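> My questions will all concern the structure given below.
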Amino acid sequence: MKKIVYIVVIAAVIGGGYLILNKNKAKNEEETAIVAQQNSSVAVRVATAKNEAPDLSYTANGTFEASQQLEFPAENNGRVTKVLVDEGDAVRVGQVLAVIKGDQLNIQLSNAKAAYENAKSDAQRYENAFKTGGVTQQQLDQAKLALTNAKAQYDQTKISLGDASIKSSINGIVNKRNIEPGSVVSPGTVLFELVNVSTLKLKVNVPESQVASLKVGNTVKATASVYPDKEFSGKITFIAPKADGSLNFPVEITIANNPNNELKAGMYGSAVFGTSSKQPSVLTVPRTAFVGGVGNNQIFVVKDSVAKLTKVTAGRIFGEEVEVLKGINEGEVVVTSGQINLADGSKVSVIK
């Protein structure tokens, strides 16, 4: 009898627990449904379409390069006897930078000069003798050829002797000096590197959408990253006729340095193209409002907490703003973030 009672009690406990679990499950499902109903809207960020005057300026970043940069190699074998400039010195065109020992060249020059004078005398004698029939035309021609060869050798030796004095061919600053007095050099040995930073070239890349408005000769404002408060003026001197691999066009702006030569080759700089002057107002929305990119011409417009997928016609792109030619009106609210979770007609909640 006790066993039967024990079984009945256990069954009652199990049955009661089952009923409680079912009741709790129903309650949880009801609460989940309520939460799901409350959270059926998609959280998005929005912006308002507005009429404003666009900023047509465009900034491109690049690097300043020296307008002239030359390496000066030795033309002859020899030992350096004098080095007349040091790194950082300003030099002028024709200034002697270093001297290579020229004793052997001086001897060669003396021999070449003597040979030239002798050939000149021989040619004159043969000329006189030919007039009296003492020599043939062939002998006279040979004497003239010998004179020509002797003159060429003499001139070449003078040039070689001149090359013993290394002279600057540009105005600039000595950026590198690779020799010391006593150094032995051979033809091709780089002795100096000179740079001219009185003018520099700012090289930047400009996208296709902007390059069409640029012309050689246009004035451009530029800044250097190390001098953010200083503005430099330059002119466009080159626009590449062909885009690079990233579909950008290399552009060069020539800029006159200030008297202190504060701009250095290798500095980072920025060029500002176009104008920021007052322009007619146009309807614009943020670039991020377009679903799948500006080219798709689709935007979600929010009205009464519902997102409506709207077809628009995009115009010009002004940085992060895009002109809208038709499809929406000023003051309409457009979704700028969260479109991936939206469909036409989705309920939305705006994130502040």
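> Using amide H atoms built in the peptide plane, which far-off residues or other-chain residues are under 5 Å from Thr310 H to H?
Those lying under 5 Å, H to H, from Thr310 are Ile299, Phe300, Val301.
> Could you please state, rounded to a whole Å, how far the C-alpha centre of region 280-300 is from the C-alpha centre of region 129-144?
After rounding, the separation between the Cα centres reads 93 Å.
> I'd like to check one number: the per residue accessible area of region 201-352, probe 1.4 Å, reported in Å² as a whole number.
Values: 8770 Å² over 152 residues.
With all protein chains present, region 201-352 gives 58 Å² per residue.
> Ok, one more. In region 252-291, which trypsin sites (Lys or Arg not before Pro) fall in coil by DSSP and have 13 or fewer other Cβ atoms within 10 Å?
Values: sites: Lys264, Lys278, Arg287; in loops: Lys264, Lys278.
Those satisfying the criteria are Lys278.
> Can you send over the carbon and sulfur percentage of the accessible area for region 131-288, probe radius 1.4 Å, protein chains only? Present the calculation step by step, with values, prior to reporting the outcome.
Values: 4670 of 8910 Å².
Within region 131-288, the accessible surface is 52 percent carbon and sulfur.
> Something else about it: Add +1 for every Lys or Arg and -1 for every Asp or Glu among the other residues with Cβ under 12 Å from the Cβ of Asn205, and state the total.
Details: positive: Lys203; negative: Glu208, Asp244, Glu252.
Once positives and negatives cancel, what remains is -2.
> What's the local net charge at Glu321, with K and R +1, D and E -1, over the other residues with C-beta under 13 Å away? Intermediate results must be reported in sequence, preceding the final value.
On the way: positive: Lys50, Arg287, Arg316; negative: Glu52, Asp55, Glu320, Glu323.
Net charge around Glu321: -1.
> Next question. So if each residue of separation counts as 0.36 nm, and I subtract the Cα-Cα distance between Thr313 and Lys215, what length gain in nm does that give?
32.4 nm
> Relative contact order for region 267-352: what is it in percent, counting Cα pairs under 8 Å that are at least 6 residues apart?
Working: 128 pairs, mean separation 25.8, N = 86.
After rounding, I find 30 percent.
> Still on this structure, I have one more. Along Cα→Cβ, 7 Å out, is where each label goes; now give me the distance between the ones at Asn261 and Glu330 in nm to one decimal.
5.5
> While we're here: Take the Cα atoms of region 193-352, find their three principal axes, and give me the spread along each one in whole Å, biggest first.
Sorted largest first, the three principal extents are 68, 34, 32 Å.
> Amide H of Ala265 versus every other amide H placed in the peptide plane: which residues, excluding those fewer than 5 positions away on the same chain, fall under 5 Å?
Long-range HN contacts for Ala265: none found.
> Number of Lys-Lys pairs in region 275-351 under 28 Å by Cα, sequence gap 8 or more or different chains?
9
> Shifting gears a bit: I need to check one value: relative contact order of region 175-317, counting alpha carbon pairs closer than 8 Å and at least 6 residues apart, in percent.
Values: 199 pairs, mean separation 28.0, N = 143.
Relative CO of region 175-317 lands at 20 percent.
> Using the Cβ atoms and a cut-off under 13 Å, what net charge is assigned to the surroundings of Val302, where Lys and Arg are +1 and Asp and Glu are -1?
Numbers: positive: Arg45, Lys303, Lys308, Lys347; negative: Asp304, Glu332, Asp344.
Its environment carries a net charge of +1.
> Just need the relative contact order of region 123-255 here, percent rounded to a whole number, with Cα pairs under 8 Å and 6+ apart. It would help to have the intermediate numbers written out before the result.
Values: 143 pairs, mean separation 23.2, N = 133.
Value for region 123-255: 17 percent.
The values are calculated or read from the model by the stated rules, or taken from the named source; none is laboratory data. Note that the structure is a prediction, hence the values are computed from the model and not measured. Virtual Cβ from ideal backbone geometry, glycine too; neighbours counted across all protein chains shown. These accessible areas exclude ligands, DNA and RNA; they are computed on the full protein's heavy atoms, side chains included. Shrake-Rupley method; radii C 1.70, N 1.55, O 1.52, S 1.80 Å.
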